[in-house]
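Asker: Quick one: structure below, then a few questions.
The values are calculated or read from the model by the stated rules, or taken from the named source; none is laboratory data. Predicted model, so just to flag it, every value in this text is computed and none were measured. Positions of Cβ are generated from backbone atoms using ideal geometry, with glycine treated the same way; all protein chains shown enter the neighbour counts.
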Amino acid sequence: MKRSMLVLLMALLVLSLGLPVFATPDLAVYPVKEGDTLWSIARRFGTSVERISELNPGVDPNHLMIGQKLALKASSPKYVYHTVKEGETLWSIAQMYSLRLEDVLDANRLTYFSTPIAGQRLRIPATYGTKGEYRVQLGDTYWSIAKAQGTTIARLLALNPGVDPDALRVGQTLVVKGAADRPFHFVRSGETLYQIAAAHGVTVADLMAWNNISRPESLYIGQHLFLEP
């Protein structure tokens with residue numbers, strides 16, 4: 001009882017003195033308070049000065065105003081879209097995106113008895129990721145991703161060369177611990193699927209199947225291609 005009273009008195013003291021109270025991690029907009037700087041705000045919410053400046057173009061970091069609202073997070077897309085191909089089932093589509101069947105059903109208001117038709121567009125929750133990968137979500141940091149995936153920040157850095165951990169983008173794909181023993185190739189400028197397949201002694205068809213690639217020309221610099229199923 002005495003301990004509870006002490007905690008309550010301390011909380012009232014903090015409020016009466018106007019001491020900073022840490023906001024919840026999911027705060028998207030922050031009202032500037034007296035004494036705030038972009039550096040102190042970035043430190044408090046686990047982001048960077050560069051990221052806050054990017055999300056708030058036109059804001060003068062040297063002249064913040066009390067009550068001014070700063071965006072701390074970008075809006076996140078809820079869905080991407082998949083066009084059903086001949087022979088695909090709801091179960092195979094869910095597997096393709098490493099989702100539960102229920103995730104696909106709920107996103108499209110379908111039932112277990114529904115049959116997709118070739119050409120039909122299905123909504124896919126934007127948190128999807130192929131096996132061994134993780135798709136960055138709103139508010140993610142390397143620390144939170146490493147903790148959730150049961151790995152370390154050092155391992156994420158090693159598996160994702162060229163990725164700036166302080167500038168993660170919503171929807172960006174990272175290789176995580178699940179892919180640690182699965183060899184992959186880091187796509188460089190000018191490379192084609194044919195060149196990569198020949199260099200590693202596999203076929204283009206296999207590379208496309210292992211990485212859920214529908215069009216060979218869709219490669220991009222920095223993409224991770226798994227070299228085994």
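Asker: Which residue pairs have Cβ atoms under 9 Å apart, sit 6 or more places apart or on different chains, and have a first residue in the range 92-112 that is within 12 Å of residue 125 (Cα to Cα) and of a type in the set (D, E, K, R) and a second that is modelled with pLDDT of 80 or more and buried (at least 17 other Cβ atoms within 10 Å of the Cβ)?
Answerer: 103/124
Asker: Could you list, in sequence order, the residues of the range 1-60 that are modelled with pLDDT of 80 or more, under 21 Å from residue 139 (Cβ atoms), of a type in the set (D, E, K, R) and loosely packed, with under 13 Cβ neighbours inside 10 Å?
Answerer: Within the range 1-60, 43 is the sole residue that qualifies.
Asker: Looking for whichever is modelled with pLDDT under 85 and exposed (fewer than 12 other Cβ atoms within 10 Å of the Cβ) here; the options are 154, 146. Which one fits?
Answerer: 154
This table checks each residue for (1) at pLDDT 75 or above; (2) out of contact with any Lys or Arg (no Cβ under 8 Å at 6 or more places or on another chain); (3) farther than 26 Å from residue 94 by Cβ; (4) assigned by TED's automatic domain parsing to the domain that holds residue 29.
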{"site": "142", "(1), (2), (3), (4)": "yes, yes, yes, no"}
{"site": "162", "(1), (2), (3), (4)": "yes, yes, yes, no"}
{"site": "173", "(1), (2), (3), (4)": "yes, no, no, no"}
{"site": "217", "(1), (2), (3), (4)": "yes, yes, yes, no"}
{"site": "221", "(1), (2), (3), (4)": "no, no, yes, no"}
{"site": "225", "(1), (2), (3), (4)": "yes, yes, no, no"}
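Asker: In the range 61-98, which residue that is among the aliphatic types (A, V, I, L, M), closer than 30 Å to residue 109 by Cβ and part of a loop (DSSP other than H, G, I, E, B) is modelled with the lowest pLDDT?
Answerer: Per the criteria, the residue is 74.
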